[in-house]
Amino acid sequence: MKESEVSYLAGLFDGEGSIYYTKSTEKKKKHKGKGYRTTQSWRINMEITMTDPMVINWVHQLVKCGTVTKKPRKGRRKDGTKYLMQYRWRCVFRDAYFVCCLIYPYSITKLEKVKQILDHYQTVEDNGKVVDLENYRLTKSFNTNLHGV
């Protein structure tokens with residue numbers, strides 16, 4: 001990956017991207033018995049949404065992680081024209097950590113959120129609870145090749 005590509009990616013995130021990092025209470029259905037259980041869960045994701053599919057696909061090819069989806073807009077503008085189709089690239093959890101490692105030196109407006117994600121995974125890795133990123137990526141690519149998924 002070229003330095004210019006990574007700095008451009010950081011600029012896209014600063015201008016068009018969003019980073020979501022929070023811990024919240026979630027209701028989950030119990031497998032046995034009635035009712036729900038509540039749990040504290042982390043939600044970590046990064047996304048870029050825009051109407052140019054070429055840029056979104058370039059991001060996906062560059063970082064080799066995440067998903068690309070269409071985000072249709074319903075309704076019409078005040079002048080009666082249709083909204084343009086939006087495209088979204090999104091990654092979560094360890095893939096978001098990987099992207100944050102890339103864009104950290106170049107981020108400006110999203111720097112605080114990038115630091116939160118980096119600090120979160122650094123703390124977890126220090127406690128020995130998460131596989132390091134390289135081993136995670138190797139395992140993921142091995143399983144994909146093995147199962148043909």
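No value in this document is a laboratory result; all are computed from the given coordinates. Nothing here was measured: the structure is a model prediction, and the numbers come from that model. Note: ideal-geometry Cβ built from the backbone for every residue, glycine included; neighbour counts use all protein chains shown.
Values as computed for the structure displayed
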quantity: By average C-beta atoms within 10 angstrom, highest first, the peptides 35-48, 91-104, 5-18; calculated: 91-104, 5-18, 35-48
quantity: Pairs beyond 30 Å (Cα-Cα), from Lys27/Lys113; Lys32/Lys115; Lys29/Lys110; Lys28/Lys113; Lys34/Lys113; calculated: Lys32/Lys115; Lys29/Lys110; Lys34/Lys113
quantity: Kirkwood-based Rg to Rh ratio, segment 1-132, C-alpha trace; calculated: 1.06
quantity: Theoretical gain in end-to-end length, Arg37 to Gln116 [0.36 nm per residue, Cα-Cα removed]; calculated: 25.7 nm
quantity: Ratio Rg/Rh [Cα only; Rh per Kirkwood] for segment 73-122; calculated: 1.25
quantity: Centre separation in Å (Cα based) which lies between segment 77-103 and segment 2-60; calculated: 9
